[in-house]
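Working notes for the structure below.
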Amino acid sequence: MSTELLPGTLDLLLLKILALEPLHGVGIADRLNQVTQGTFQIGPGSLFTALHRMEEKGWLSSAWGETSAGRRAKFYQLTAVGRRRLASETVRWQTIALAMRRTLELPQ
Amino acid sequence: MSLISYLRSLYRNLVHRGHADADLDAELGAYIAEQSERKRTAGLGTASAARATAIESGGVEQLRHTVRSARVGAAIELLVQDAGYAARRLRQSPSTTFACILAFAIGIGANAAVFSLANGLLFRPLPVNDPASLVYLTEHNANSGWSNGISRPDRDAIRDGASDVFSGLATAALDEVGLRSGVATHSLWACYISDNFFDVMGVEVPGWRGRTAGPEMVLSFDFWQSRFHGDRGVVGGTAFVDGKAVTIVGIAPRGFHGVSSLFDTQGYVSESLEPPTQFGTDTLSAFVLARLRPGVGLSQAQVGLALIAGRLAHAPGKPRQGFLLRATEDKGMLNSSGTNPVGAAAAIFLGLSGLVLLLAAANIVNLLLARAAARQREMSVRAALGGAGWRLARQAALETAWLALGGGLAGVVLGSALSRGVTKLPANMGFPISVDFSFDWRVYAAAMLAMLVMALAAGIIPALRAARCDPADALRGESGASASPRRLRLRGTLVTLQVAGSLALVIVGGLFARSLIAAQHAPIGFDPHGLVYVTLDASAAGYDAARGDQFFNAALDRVRHLPGVTSASLAEIVPFGTVSVGTSVKAAGKTDGAAYNTVTPDYLATMHIPLLAGRFLNANDHGGIAVIDRAMATKFWPAGDALGKTFTSDRDKTTSLQVVGVVGSIRTDLGQPIQPTFYTPFRADKYVPVRTLQVRGNRVPNLTATVVANLHALDAAVPLDDVQTGEESLDGLNGLYIFRFGARLASWLGALGFLLAIVGVYGVVAYSVAQRTREIGVRVALGARPRQVIGGVMRGSVWILATGMTLGLALAVGIAMTAASLLIGISPLDPPTFLGASLAMAAVGLLASFLPARRAASADPLASLRAD
């Protein structure tokens, strides 16, 4: 089932994916699709807007590199600021998720 | 987000925008390429793979735009883009742009200049502590109309009787004195001040001790800087004021220039050194300043003074008729009582410059409305294509901002040129004045703001309306709003008002210019050409009465025998000078005011004043006789039998004066009616320490220099003041100065108004012709002759001109009647000025509408028909 992203979740997902290894646009989209098992699909408009915004905020840095297929592409990776951001966002999200689950598990 | 990374991104996106964009393009290109490569490997053809990718990603251009507009600084980038577009749009219609900038510049510049002048003359308060609670006290005689200084007993009576309204009363008598310090003698205007003067003014002068010490002197900051080069060693030293020793105890604070807003007092001396004045020992020729107690208003002070005046007027043994005491606030030149040419002039010019501001604003509104209507279609197309309303409005605002920026800069140049041009006029005042005419930036900002608000409204509202209206209508060419009769009527009304205001400005400018010409040729009763005046101050040299009389006789004798000199005389008062004296005269059962002068027998011959009856003074006259002028003869003896009659004056109530001759009246002040005047001889027992020498030497080169050199050779100790020719003396504040000032300012404002009217009429007619291009094309195609087309176009503007000019004439009559006191020698309704200005306005207005009409009539009808 493919679904819309909840507001505010895209940044966290991208930070988490890029924490593992530097990736380029197509790679990020693929990885997102793969780890969420197709739940989240992202178009290039939202993807690149988010990447540029996060880079401007100093969470990501970018550099041109070569893909496995031998094409030139821009690779993004986490900065130190981005790593701290990932940690704090993760804590925040887990708090929310826990609260949500408890609420939903209340007996009818 | 951290500020540093934000600024870094901003810098990259704005400054290295090309690089950032190329990088983005490459990145997105790589993405699209990889995606379509995948689709191809999945089995699609190259073309359909690319198309599928493009569809999926929503279009490459769209993608780029999405990412770019989310970048930091995108809003700024957009603004810069819009501003650039606005500038390009303005460049496409250079004439409208130029007219708008001109109107801005005129409106702002003229107002800033006039307000700076008025501010300098009228509104700058005294630089003292709490100037609002400081008032001036004067005596008035209701019978003669003259104001006098307050006598010492009266001053003391006020101080003791009105202590409930005044917390302090100080006196300051202005006098021109000689200051000898070391070897140099400086001539300066100083005040003899009471001990508490600085306390009452609320000015700190360390060193001034007052009564406890001997004679003291304080120098003004500017005088100390200019004559003593700021040397602190001066303080504590001994100097001589008119030959009497004083100790210089201090320097007044910078900016403090004495008792009057305009007068620059250069020094302050203990009043114990004040010599007896020419008006007798009892009268103070002084400013009497009083400090109101906290919470006491001017009206309460007047009540308190009226009570004391009543008591003084009915004092036993010395009743005084018509005796009044008044308190006035310092209002710069507005301060003096009665008709005041400077105050009236300032009011008139503030009004005129306000009119210029309104005209300029009307012009801009009109031009922008026309412009907005012409761009109706562009705005509608942009709105139809999805242009946001706010962005269209911003576009209009940006164009207005460019215009305001250009106009504002041009306004500074124009305004400072205007105020420099007016203040450059030679002001022959005879005393140092302290007027700050500096360009007033607050006024500039206020005028700029007012114009900007009006211009923004005129620019933005039509844009917003265009964005709201149905795009389909606009695109069909029905351009509803642009041709709406309501808006055309609004613009027609604006132009009508512009014509009215401009005509009024031109007429008033013409009146002032003609008044100056009339004033220059006005009969003044004597011949100023070939005269040289020198004022001699024997008291400044420390001379007593006997020594002074001896000096004056020697000086007169010496200049009289100079080669080429036909006549010379001495007088107490010189026409158009800074001082005039008057008194109350009782004669033939009447009491009225009259001016007087003390003169030597040659005065009449030197000044070229005609003798009408009897004789003039001769060397054997010493007292008991007087020569009166025609105005005084007519006032007291209308039957024409003045000769041999006697009168008394308040100057010397015990001596009655017999009229031995009648002479022609002379003007002593161009702004005032002729004063009845009487002349008496100098008397040994009434010593006058300051006298002016009149020397007539027709066609003698360097007469002034010769006279000055001879007087110096005679006695270098007596300072020579106000050395000027007869013509120069006419340029003083009582003479032509105010007329030159008024004529120059008014004619400039008139010219600016004229220019605005031309721009306004031309702009609106040209625009309405452009709007009617198709209609005119149809007419021409159907056989209308050019004359008929031109007539049709011009009929509308003739109507506008006619109503505008009618209103303008009415407005001009109103202003001229208000300014009547400033216009001498001509009627305020001077027919040649009114007629000439009206003809000029009509001619220019018709020409401004004829040109676009002829262009329309001669246009190719086919081209006109296709135009829309």
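The values are calculated or read from the model by the stated rules, or taken from the named source; none is laboratory data. Since the structure is predicted, the reported quantities are computational estimates derived from the model, not experimental observations. A quick note on method: Cβ atoms are made from the backbone with ideal geometry, for glycine too, and the neighbour counts reach across all protein chains shown. These accessible areas exclude ligands, DNA and RNA; they are computed on the full protein's heavy atoms, side chains included. Shrake-Rupley method; radii C 1.70, N 1.55, O 1.52, S 1.80 Å.
Which residues in the range B:699-728 place their backbone N less than 17 Å from a point set 7 Å from the Cα of B:His529 along the Cα-to-Cβ direction? Zone members listed by number: B:699-703, B:725-728. Once the Cβ-Cβ distance of B:Arg88 and B:Glu727 is raised to the sixth power relative to R0 = 45 Å, the FRET efficiency obtained is 0.20. For the pair B:Ala33 and B:Ile461 in one chain, pulling the backbone fully straight at 0.36 nm per residue adds 149.3 nm over the alpha carbon distance.
Contact order normalised by length for the range B:131-329, with contacts defined as Cα pairs under 8 Å and 6 or more residues apart; what percent is it? Working shown, then result.
Numbers: 392 pairs, mean separation 70.4, N = 199.
Reported relative contact order: 35 percent.
I want the antiparallel fraction of DSSP beta bridges within chain B, as a percent rounded to 5.
Given both bridge residues lie in chain B, the antiparallel proportion sits at roughly 80 percent.
Across the range B:3-72, the relative contact order, built from alpha-carbon pairs under 8 Å that are at least six residues apart, equals 36 percent.
Structural size metrics of the range B:531-728, computed from C-alpha coordinates, are Rg and Dmax of 16.9, 51 Å. Computed over protein heavy atoms with a 1.4 angstrom probe, the accessible surface ordering of B:Tyr444, B:Tyr603, largest first, is B:Tyr444, B:Tyr603. What the Cα convex hull of the protein assembly as shown gives, in volume per residue, is 308 Å³. Residue separation of B:Arg293 and B:Arg615 scaled by 0.36 nm, minus their Cα-Cα distance, works out to 110.3 nm of gained length.
Set the Förster radius R0 to 56 Å, insert the Cβ-Cβ distance between B:Leu385 and B:Ser167 as r into 1/(1 + (r/R0)^6), and round the FRET efficiency to 0.05. List each step's numbers first, then the result.
On the way: r = 75 Å, r/R0 = 1.34.
The calculated FRET efficiency here is 0.15.
Here B:Lys586 is the anchor, and the aspartates and glutamates within straight C-alpha reach of less than 20 Å, apart from those fewer than 8 places off in the same chain, are B:Glu139, B:Asp629, B:Asp641, B:Asp650, B:Asp652.
Using DSSP to define loop residues, name the trypsin sites (Lys or Arg not before Pro) in the range B:665-704 whose beta-carbon has at most 12 other beta-carbon atoms within 10 Å. Intermediate results must be reported in sequence, preceding the final value.
Numbers: sites: B:Arg667, B:Arg683, B:Lys686, B:Arg691, B:Arg696, B:Arg699; in loops: B:Arg667, B:Arg699.
Those that pass, being in a loop and sparsely packed, are B:Arg699.
With 0.36 nm allotted per residue and the present C-alpha distance subtracted, the B:Arg420-B:Arg8 stretch has 143.5 nm of extension available.
A crude spin-label estimate for the pair B:Arg785 and A:Ile96, with each label 7 Å from Cα along the Cβ direction, gives 8.4 nm.
Structural descriptor for chain B: relative contact order 16 percent, calculated from alpha carbon pairs under 8 angstrom and at least 6 residues apart. When DSSP beta bridges are limited to those with both residues in the protein assembly as shown, what percentage is antiparallel, rounded to the nearest 5? The antiparallel proportion sits near 80 percent. Dividing the summed helix terms, -39500 (n - 2.57) for each DSSP H run of n ≥ 4, by the number of residues in chain B produces a 222 nm estimate of -17000 deg cm²/dmol to the nearest 500.
Taking a straight Cα-Cα cut-off under 14 Å and skipping sequence neighbours fewer than 8 places away in the same chain, the aspartates and glutamates within cross-link reach of A:Lys57 are A:Asp11. Is there a pair in B:Lys590/B:Lys635; B:Lys645/B:Lys686; B:Lys590/B:Lys686 whose C-alpha atoms are over 21 Å apart, and which pairs would that be? Pairs exceeding 21 Å: B:Lys645/B:Lys686; B:Lys590/B:Lys686. Treating r as the C-beta distance of B:His229 and B:Leu714 and R0 as 25 Å, the FRET efficiency rounds to 0.20.
Dimensions of chain B based on its C-alpha atoms, expressed as ranges along the principal axes with the largest first, amount to 133, 74, 58 Å. Could you give the angle, 0 to 90 degrees to the nearest 10, between helix B:60-69's Cα long axis and the longest principal axis of the Cα atoms of chain B? Helix B:60-69 sits roughly 30 degrees off the main axis of chain B. Straight distance only, please: which aspartates and glutamates reach the Cα of B:Lys653 with their own Cα at less than 15 Å, same-chain residues fewer than 8 apart left out? List returned: B:Asp282, B:Asp592.
Using the Kyte-Doolittle scale, find the helices of chain A whose mean hydropathy is at least 0.5 and whose Cα atoms extend 27 Å or more along the helix's long axis, counting only whole DSSP H runs. Don't jump to the answer; show the numbers that get you there.
Details: long enough: A:80-104 (36 Å, -0.19).
Passing helices, by number: none.
Angle, helix B:152-161 long axis vs. longest principal axis of chain B, Cα atoms, 0 to 90°, nearest 10? It works out to around 60 degrees.
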